[in-house]
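Peer 1: Encoded as structure tokens, here's the structure I'll be asking about.
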Amino acid sequence: DSGVTQTPKHLITATGQRVTLRCSPRSGDLSVYWYQQSLDQGLQFLIQYYNGEERAKGNILERFSAQQFPDLHSELNLSSLELGDSALYFCASSVSLAGAPPSYNEQFFGPGTRLTVL
Amino acid sequence: AQKVTQAQTEISVVEKEDVTLDCVYETRDTTYYLFWYKQPPSGELVFLIRRNSFDEQNEISGRYSWNFQKSTSSFNFTITASQVVDSAVYFCALKMEGGKLIFGQGTELSVKP
């Protein structure tokens, strides 16, 4: 158990709908990362938040958005869903060591949310 | 451009065989970090090891060992005396300043009894 929790574990929805995926990082971790794992694209970085602020963006579609709240949990919002959005969505968090750059720390992954768009 | 290549898509071995998973990376950064993750059939991603670009010492942890060579931009992973429980998809990843991970396509290892 990595200490990162994600809900829900599975989500089945229809095209055009909007869903919200939730992530609670490990206690004390300030950074949250979102990744998408699909058969054709593999594991891809979507977005990173650090202590409530967006830090880096990857291949995240405009239909997708995320935020990190004051209690450090994060939500990934996916809207106008398409069949191709079906994937496993991972959240990861990393500890922030005093004096070390955020990139130093290994990321611990949650169990993922499997999204199926029908 | 930053890139990670795992040329072996699938590997199948018989239990107790040794197996090496290859990873080649590309980056222009002078400081970077390399990782290996394991994804068992249950789906979660399990952290195995981190290696800094300025530390080329090889590492051994039980049946696992890692060979990092900057000269060839490789970070290979060897499992000695493989077991059925080692069956999983293994990902090599590159992390730069800023924090995001770039993953290879993964190598699916199947260990047969």
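Peer 1: Consider the stretch A:30-78. How many of its residues are more than 14 Å from chain B (Cβ to nearest Cβ) and surrounded by fewer than 18 Cβ atoms within 10 Å (Cβ to Cβ)?
Peer 2: 12
Peer 1: Of everything in the stretch B:4-24, what is within 15 Å of residue B:103 (Cβ to Cβ), out of contact with any helix residue (DSSP H, G or I) (no Cβ under 9 Å at 6 or more places or on another chain) and surrounded by 12 or more Cβ atoms within 10 Å (Cβ to Cβ)? Give them in sequence order. Quick ask: steps written out before the conclusion?
Peer 2: Going residue by residue through the stretch B:4-24, those that are within 15 Å of residue B:103 (Cβ to Cβ) are B:4-9, B:21-24.
From the residues that got through so far, the ones that are out of contact with any helix residue (DSSP H, G or I) (no Cβ under 9 Å at 6 or more places or on another chain) too are B:4-9, B:21-23.
The answer is B:4, B:5, B:6, B:8, B:21, B:22, B:23.
Peer 1: If you don't mind, another one. Going through the stretch A:42-71 one residue at a time, which ones are touching a strand residue (DSSP E or B) at 6+ places or on another chain (Cβ under 8 Å) and among the acidic types (Asp, Glu)? Explain how you work it out, then say what you get.
Peer 2: Our first condition is that a residue be touching a strand residue (DSSP E or B) at 6+ places or on another chain (Cβ under 8 Å); within the stretch A:42-71, this holds for A:42-60, A:63-69.
If the condition is that a residue be touching a strand residue (DSSP E or B) at 6+ places or on another chain (Cβ under 8 Å) and among the acidic types (Asp, Glu), then A:53, A:54 are the ones that fit.
Peer 1: Looking at B:31, B:78, B:27, which is the one that is within 28 Å of residue A:46 (Cβ to Cβ) and buried (at least 16 other Cβ atoms within 10 Å of the Cβ)? Spell out the reasoning first.
Peer 2: Working: B:31 fails: buried (at least 16 other Cβ atoms within 10 Å of the Cβ); B:78 fails: within 28 Å of residue A:46 (Cβ to Cβ).
Checking each option against the conditions leaves just B:27.
Peer 1: Being aliphatic (A, V, I, L, M) and either without any contact (Cβ under 8 Å) to a residue 24 or more places away in the chain or more than 24 Å from residue A:94 (Cβ to Cβ) (or both) is the filter here; which residues of the stretch B:56-100 pass it?
Peer 2: Going through the stretch B:56-100, the residues aliphatic (A, V, I, L, M) turn out to be B:60, B:79, B:81, B:84-85, B:88-89, B:93-94, B:96.
Answer for the stretch B:56-100, where residues must be aliphatic (A, V, I, L, M) and either without any contact (Cβ under 8 Å) to a residue 24 or more places away in the chain or more than 24 Å from residue A:94 (Cβ to Cβ) (or both): B:60, B:79, B:81, B:84, B:85.
Peer 1: Looking at the stretch B:68-100, which of its residues are within 14 Å of residue B:112 (Cα to Cα) and assigned to a helix (DSSP H, G or I)?
Peer 2: B:84, B:85, B:86
Peer 1: Moving to a separate point now. For residue A:49, state whether it is under 27 Å from residue B:105 (Cβ atoms), among the aromatic types (Phe, Trp, Tyr) and at pLDDT below 95.
Peer 2: Yes, satisfied.
Peer 1: Now, a different point. Among the numbered criteria (1) outside any strand (DSSP E or B); (2) modelled with pLDDT under 95; (3) among the polar types (S, T, N, Q), which single criterion is violated by residue B:8?
Peer 2: (2)
Peer 1: Among the residues of the stretch B:85-113, count how many are at the interface with another protein chain (Cβ under 8 Å from one of its Cβ atoms), more than 19 Å from residue A:39 (Cβ to Cβ) and not hydrophobic (A, V, I, L, M, F, W, C).
Peer 2: 5
Peer 1: Among (1) buried (at least 20 other Cβ atoms within 10 Å of the Cβ); (2) part of a strand (DSSP E or B); (3) more than 9 Å from every other protein chain (Cβ to nearest Cβ); (4) in contact with a Leu (Cβ under 8 Å, 6 or more places away or on another chain), where does residue A:20 come up short?
Peer 2: (1)
The values are calculated or read from the model by the stated rules, or taken from the named source; none is laboratory data. Predicted, not measured: the structure shown is a model, and the values here were computed from it. FYI the Cβ positions are ideal-geometry reconstructions off the backbone, even for glycines, and counts take in every protein chain you see.
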